[in-house]
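Okay, so here's the structure we're looking at.
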Amino acid sequence: MDRRTFLSWVGVGTLASSLPVVLAACTSSDSPEASSPEGSDTAESAAPATTADGFTEVGKLADLESNGSVVMEDFGGAPLLVIFNPDDKTKVVAFKNQCTHSQCPVDWNAEEGTLDCPCHGSKFKADGTVTNGPAKDSLPTYEAKVDGDAILVKAG
Ligand code: FES
């Protein structure tokens, strides 16, 4: 093999080995052309929709009726718990689901009508006020409402 033929083969080999890299760069998901306008299967589309007045759908009434509560692991950086308002079952009450003692998530105790902390035994009424310590402060609540079958909560 002479020098010219050798250099020709090296050039073809270099081009062939870099082709996959070039193709990958052209089809990167960062490029606007690569993103789907529908976005139906992206993580962003899984985020709950927020209405113009700042409410976010966090669940369905059917789920609340069957489970007794609706829980969202991350609502604005903290867990969320929604229950029916015991005084008016057409309304809902939404809490930042972190016990005010040491931030354990509380559980809705439908039989007693209390929110119970499994960590150190604090109990809260259905409006969030403390009935048993060691927690001293009420559970923070969010503005919440029902619209059709949707449970809507407004981040505070
Ligand atoms: Fe709830 Fe301590 S974290 S009682």
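Bear in mind these aren't lab numbers, they're just calculated from the coordinates by the rules spelled out. Being a predicted model, the structure only gives us computed values, none of them experimental. We place every Cβ from the backbone using ideal geometry, glycine too, and count neighbours over all the protein chains shown.
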Problem - Phi to ³J(HN,Hα) by Karplus 6.51 cos²θ - 1.76 cosθ + 1.60 over the stretch 67-80, Hz, x for Gly, Pro - result: 9, x, 7, 10, 10, 10, 5, 9, 10, x, x, 9, x, 10
Completion exercise
Given all pairs of distinct Cα atoms, the stretch 67-132 yields a Kirkwood Rh in Å of 11.9 Å
Problem - Reach of Lys136 by Cα under 22 Å, taken over lysines that are not fewer than 8 positions away in the same chain - result: Lys96, Lys123, Lys125
Practice task
Could you go through the stretch 138-150 in sequence order and give the Karplus-derived ³J(HN,Hα) for each residue, using 6.51 cos²θ - 1.76 cosθ + 1.60 with θ = phi - 60°, rounded to whole Hz, and x for Gly and Pro?
Solution key: 5, 5, x, 10, 10, 5, 9, 7, 10, 10, x, 9, 9
Practice task
Pop a pseudo-label 7 angstrom from the Cα along the beta-carbon direction at both Gln103 and Asp63 and give the gap in nm to one decimal.
Solution key: 2.4 nm
Handout entry: Where labels lie 7 Å past Cα in the beta-carbon direction, separation of Lys91 and Lys145 in nm
Key = 1.2 nm
